[in-house]
Amino acid sequence: MERGLRQTWAFMFRGYHLTRRYLSWVVVFNFYALTGAAAVALIGVAAHDHQLTLTLVVGALLWNFLSVLYNEIAMSIAYERWEGTLEYTFMAPVSRLVHLLGISLFALCNSIVNTTVVLGGLMLFTPLSLTGANLPGVLVVILASTLAFVGLGVMAAALPVLSPERGAEGTHIFQGSLLLVSGVYYPVDVLPTWVQPLSALSPATYTLSACRKLVGIGNPATTAERLAAAPLSAVTGELVVLVAMGFVLIPLGLWVFGRVESWAKRTGRLKRTG
Amino acid sequence: MTLPAIQVCNLRKQFHRRRKRRRTDAPEAWALAGVSFEVARGDTYGLLGPNGSGKSTLIRILSTLLVADGGDVRLLGHRLPEEQARVRWLIGRVSVDAAFYKKLSTRENLLYTALLYGLDPASAERKAMHVLEQLGMEQRTFSAPLEEMSRGMQQKISIARALMINPPLLLLDEPTTGLDPKSRRDVQAFLEDLRRREGTTILLTTHDMAEAERLCARIGFLAHGRLVAEGTAEGLRRQASAATLDDAFIGLTEETAAAGDTPTGAPTDR
């Protein structure tokens, strides 16, 4: 037990110190996330539409959280390839479950910090009031969607094991596709008909749908001063889907990763140069 | 009777190159074409061979990073790849490229490895620092990022990292390549002392004949994926009727090439 905890901590320890050493880049990425989110949210302010502003703010915050979480996990193997340490991690006596758990926990911390920075920035740029929002409910939904995104991230992390260059590209293509089909800034019914079925496969679709209800978006009783939020029971359907996705995607992600690792060991793809 | 630390029997590995147009895999020459050897516990065994002879492939298989196509490998009695989880606790590896997080300091890199192996960080760090001091490194360098260090210093840290986990079996893939003569001598003296003191079994690949002669009880010459000769340095010199190990190496490995023994077909079972 103690050994497992130390091994999990190893990945958080490494992530923390790498963040510290690359601090100026971390500041740049956070700044860019903040300005991007503010630029999107100000579209709603310019339209003098409180509901639109709120939709854009919720979309920007959630996408920021989920994409940082996904990206940090998905790119973890690519980072190791670039550093040249992948073989050392893979020959260490640490189970892949503990390895990916450690990476996911660090990713979660990272995305919480990043989203807090963006939220703080949005408070400065938009006349945002969260009075009346069901924030505990939002946290429950985010927690449920975290499971599904960890599963997706683990699956995507296998791509750079398959191919050092193409794999990293693939993780970004997948991330971009999620952004498009999940209706982050718009309802999914504005997507072309042939794309709409894909939105049902994205956990972000359910996360956004639930969070919009929990902050009162779409509720006619919502005003700029007070949000008319739905209770948690109103998003039971979305929560069930998210939890189910998490329960399927995490084991599936580990299975896919294991298969890819075995393939890489047969074909010699773990080698530093790929 | 004590089992050998390393038992390799008829080990075979072939890589495939992807043919883009046909989207199929084309087999390359055998990287390892039926290699067999044993290393007794506490011995240092040298594996010498020209570039591309299969040395690193062999080390990767023993490090659980590559799965062989055929043959049998046992490390300290544990079979690979079936018992790879057990084997990983028993091996330390130093590769030709010191693979570290270059932005992190020596201390941070070593603590990360200690945690990865579930060790108590404080005692693991003490051991690693002791090794570094024995290798002639100064304490003040331990908090500097590795990117600021020379290759020789990084390689010494790589050795300290491998030894921090107290492995009974050490796999060294050209650990002194690119080191200056003083650093090379420090590392060689340390390895001699380690084998004497701890009884660590060492498998060493190197291009340096003098190093092999100094450190290894037995030496194997690998060429074109085959072990073409094996024995003590003296025995190999005698076998090749050569004055030096360099001459013996060139004579015995080129003999294989001249005999057209480049293995492209499937190796026969032995």
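What follows draws every value from the coordinates through simple rules; no lab data is involved. All values reported here derive from a predicted model rather than from experimental measurement. When we count neighbours, we look across all protein chains shown, and the Cβ atoms used for this are built from the backbone with ideal geometry, even at glycine.
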Would you mind calculating the gained length between B:Glu148 and B:Arg197 on full extension (0.36 nm times residue separation, minus the Cα-Cα distance), in nm to one decimal? 14.4 nm
Quick one: length gained pulling A:Met123 to A:Ala39 fully straight, 0.36 nm per residue minus the C-alpha distance? 29.0 nm
Quick one: helix A:96-125 against the long Cα principal axis of chain A, what's the angle to the nearest 10°, folded into 0 to 90? 30 degrees
Fewest to most neighbouring Cβ within 10 Å: what's the order for A:Tyr32, A:Tyr88? A:Tyr32, A:Tyr88
Placed amide H near B:Gly34: partners under 5 Å, 5+ positions off or other chain: B:Leu11, B:Arg12, B:Lys13
Please build a GNM for chain B, connecting alpha carbons under 10 Å apart, and tell me which residue among B:Leu115, B:Leu252, B:Leu172 fluctuates the most. B:Leu115
Report the charge-dipole magnitude of chain B in Debye, nearest 20, computed about the Cα centre from +1 at each Lys and Arg Cβ and -1 at each Asp and Glu Cβ. 920 debye
Among rounded, prolate and oblate, which fits the stretch A:1-58 when a ≥ b ≥ c are the square roots of the eigenvalues of its C-alpha gyration tensor, a/c under 1.5 means rounded, and a/b larger than b/c means prolate? oblate
Partner chain Cβ atoms within 10 Å, averaged over the residues of B:94-106 - can you pull that number for me? 4
Among B:Val96, A:Val184, A:Val243, which comes first, then next, by fewest other beta-carbon atoms within 10 Å? A:Val243, B:Val96, A:Val184
Chain A - percent relative contact order, Cα under 8 Å, separation 6 or more: 26 percent
Who wins for biggest fluctuation among A:Leu232, A:Leu249, A:Leu23 in a Gaussian network model of chain A, springs between alpha carbons below 10 Å? A:Leu23
Based on other C-beta atoms within 10 Å, arrange A:Val240, B:Val35 from fewest to most. A:Val240, B:Val35
Treating the angle as unsigned and between 0 and 90°, give the value, to the nearest 10°, between the Cα long axis of helix A:135-157 and the longest Cα principal axis of chain A. 30 degrees
Among beta bridges assigned by DSSP with both residues in the protein assembly as shown, the antiparallel ones amount in percent, to the nearest 5, to 60 percent
One finds the C-alpha centres of the stretch B:28-92 and the stretch A:169-239 to be spaced, in Å, by 52 Å
Only helices counted: for chain A, with every DSSP H run of 4 or more residues adding -39500 (n - 2.57) and the sum spread over all residues, [θ] at 222 nm is -25500 deg cm²/dmol
Choice from A:Leu252, A:Leu108, A:Leu239 with maximal GNM fluctuation in chain A (Cα, 10 Å cutoff): A:Leu252
I need to check one value: relative contact order of chain B, counting alpha carbon pairs closer than 8 Å and at least 6 residues apart, in percent. 26 percent
